[in-house]
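Derivation of every value follows stated rules applied to the coordinates shown; laboratory data play no part. On a predicted model such as this, the values are computed, not experimentally measured, just so you know. In this analysis, Cβ positions are derived from the backbone assuming ideal geometry, glycine residues included, and neighbour counts consider all displayed protein chains.
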Amino acid sequence: LFDVLVVGGGPAGASAAVYAARKGIRTGVVAERFGGQVLDTMGIENFISVKATEGPKLAAALEAHVREYEVDIMNLQRASRLNPGELIEVELENGASLRSKTVILSTGARWREMNVPGEQEYRGRGVAYCPHCDGPLFKGKRVAVIGGGNSGVEAAIDLAGIVSHVTLLEFGDQLRADAVLQAKLRSLPNVQIITQAQTTAVLGDGSKVTALTYLDRVSGETQQIELEGIFVQIGLLPNTDWLKGVVELSPRGEIIVDERGQTSVPGVFAAGDASTTPFKQIIIAMGEGAKASLAAFDHLIRAA
Ligand code: FAD
């Protein structure tokens, strides 16, 4: 039996676990893969007070910090069901079930990928998913943004101020972003918008990206664009399928939280990329994890 059971071992979960354990209460962490998205990240330059680090290094530091405390870490375990109640039950895929007075959901999210040849090979070597993180690496270079929704158009506007040229590729016949964003994008001199474009391959020289190809869905011809970077902005998918029908989710599948990280289920809190909190970043996930943990502690002392 736990006082606080954290589901997810990324920055949000690690932060929540440390904050809970420092209150001297029984704390557990269930993680499918401790470290989360940070494990897949190369350079990190916006984790404030650390000028530059690497994902695996930060992931190891997260785990080491949690292990400083009496926290029961259950790594390589996937939660499959949450049962609300006086004591909240979390079922694991391996058949076990855990009970806790409060639960913090921090299962994160994953970027939707294009699934085209070259994307995996050049991930982190020209193929990027986070403009806030990797935009400055492409200063003065040519990039493409894939996706004409709000996140793609925001990324293109953001990048246009840093890079020399942005090509925005949209699969459909028009952009899907808000009108104000589209107007802003069209006002920028170094942006080209191509609709009806289906990205077909990422090309490179073996060490970094050099071009991409796309199918012009009107003419049926394949076109090539020479560039140094490709930002894929076709959706961020929260890892919340297992919570459907139990915890209130937004239309995008994000766990709806209030300003204290409280979800629709009493005693259940959420933090990080899996929640409705805007701007998916490590430092934000950590802050939200700390906040959810303090809110869970507050809930415990009021219930006692
Ligand atoms: P995650 O890191 O996604 O962690 C989720 C955790 O939950 C993992 O442990 C996962 O295994 C676990 N989990 C998921 N489902 C289950 C389940 N059912 N049961 C049990 N466990 C589960 N941000 C920056 O600030 N700076 C950067 O430079 C940066 N670069 C990035 C580069 C890349 C390639 C990517 C993909 C992301 C980058 N980000 C960066 C974003 C950053 O990694 C995320 O915002 C951050 O990791 C979110 O933390 P989180 O704890 O909410 O979720």
Can you pull the one-decimal nm distance between simple spin-label points at I283 and L39, each 7 Å off the Cα toward Cβ? 2.6 nm
Estimated 222 nm signal from helices in the chain, with DSSP H stretches of n ≥ 4 weighted -39500 (n - 2.57), rounded to 500: -7000 deg cm²/dmol
Kindly list the residues of segment 78-97 that lie in the label zone of I256, defined by a backbone N under 20 Å from the point 7 Å along the Cα-to-C-beta vector. 82-85
Per residue and in cubic angstrom, what volume does the convex hull of the Cα atoms of segment 18-124 have? 138 Å³
Rounded to 0.05, the calculated FRET efficiency for the beta carbons of D241 and D178 at R₀ = 30 Å is 0.65
P(r) tail fraction, segment 72-155 - alpha-carbon pairs more than 23 Å apart, %: 49 percent
Computed from the beta carbon distance with a Förster radius of 30 Å, FRET efficiency for D216 and H132 to the nearest 0.05 stands at 0.45
Among K184/K208; K141/K184; K57/K208; K51/K291, the pairs whose Cα-Cα distance exceeds 29 Å are K184/K208
Checking the cross-link filter: which aspartates and glutamates have an alpha carbon closer than 13 Å to that of K139, excluding same-chain neighbours under 8 positions apart? D158, E228
Residue separation between N46 and Q224 times 0.36 nm, minus their alpha-carbon distance, gives in nm 60.8 nm
Once you list every other residue whose beta carbon is under 10 Å from the beta carbon of S100, what net charge do they have if Lys and Arg are +1 and Asp and Glu are -1? +1
For a label point 7 Å along the Cα-to-beta-carbon line of I162, residues of segment 270-304 with backbone N under 16 Å: 279-283
Would you please give the residues with an amide H less than 5 Å from that of I230, counting only those at least 5 places away or on a separate chain, with H modeled from the backbone geometry? V127, A128, A144
At 4 °C in a medium of viscosity 1.567 mPa s, segment 180-301 has a Stokes-Einstein diffusion coefficient, with Rh taken as the Kirkwood radius over alpha carbon pairs, in µm² per second, of 72 µm²/s
Cα-Cα P(r), the chain, percent of pairs per 10 Å interval: 6, 26, 29, 21, 13, 4, 0
Given a cut-off of under 8 Å on Cα pairs at least six residues apart, what relative contact order in percent is computed for the chain? 21 percent
Set Lys and Arg Cβ to +1 and Asp and Glu Cβ to -1, take the dipole of the chain about its Cα centre, and tell me which of G229, G95, F47 lies farthest positive. F47
Consider a paramagnetic label point 7 Å from the Cα of I194 along Cα→Cβ; state which residues of segment 154-186 have an amide N under 14 Å from it. 166-172
HN-Hα J couplings of segment 106-112 from phi, Karplus 6.51/-1.76/1.60, θ = phi - 60°, integer Hz, Gly and Pro as x? 9, 8, x, 8, 9, 6, 5
Once both labels are modelled 7 Å past Cα along the beta-carbon direction, what's the S264-A303 spacing in nm? 1.9 nm
